[in-house]
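This is the structure I want to talk about, given as structure tokens.
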Amino acid sequence: MEVQIMGQSYLLGCPDGGEAGLKAAVERVDAAMCKIRDGGKVKARERIAVLAALNLAFDLGEKEAHMPLDTQAAATAPRTTGEEAYQAVILNSLLKRLDAAMGKDGRLI
């Protein structure tokens, strides 16, 4: 997939069905880099990229810090097998909550 970041073309590989996610990521990176460039203090593309990456990583960390623990686990779960890994984390979280609700005797009511 060919994309533009700060006016420069890049040819990126993308798994089937991942085009929309990649496009959204490119838009976030492009916006972050253009904001730094337009600030006027940093001119070197490499330095702009590093600063943008740090800003995006910091923002992501802030969002994760304010998520409920079950949502954090789902958000950081490896997605090498796609949606199945995400669903496995959600299922595991539900099972833990069910076990806690059932208590020691194994009965809900």
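May I ask you to say which residue of 20, 73, 77 is within 18 Å of the chain's Cα centre (by Cα), modelled with pLDDT of 75 or more and of a type in the set (Gly, Ala, Ser)? Don't jump to the end; show me each part of the working.
Details: 73 fails: modelled with pLDDT of 75 or more; 77 fails: modelled with pLDDT of 75 or more.
When all the criteria are applied, what remains is 20.
Part of a helix (DSSP H, G or I), closer than 18 Å to residue 60 by Cβ and assigned by TED's automatic domain parsing to the domain that holds residue 60: is that true of residue 20 in this structure?
Working: part of a helix (DSSP H, G or I): yes; closer than 18 Å to residue 60 by Cβ: no; assigned by TED's automatic domain parsing to the domain that holds residue 60: yes.
The answer is no for residue 20.
Quick one: what pairs do we get from the stretch 52-81, first residue polar (S, T, N, Q), second modelled with pLDDT of 75 or more, C-beta under 6 Å, 6+ apart or different chains?
Close Cβ pairs satisfying both conditions: 55/32.
The values are calculated or read from the model by the stated rules, or taken from the named source; none is laboratory data. Not measured: the values here are computed from a predicted model. Glycine also receives a Cβ, built like all others from the backbone with ideal geometry; neighbour counts cover every protein chain displayed.
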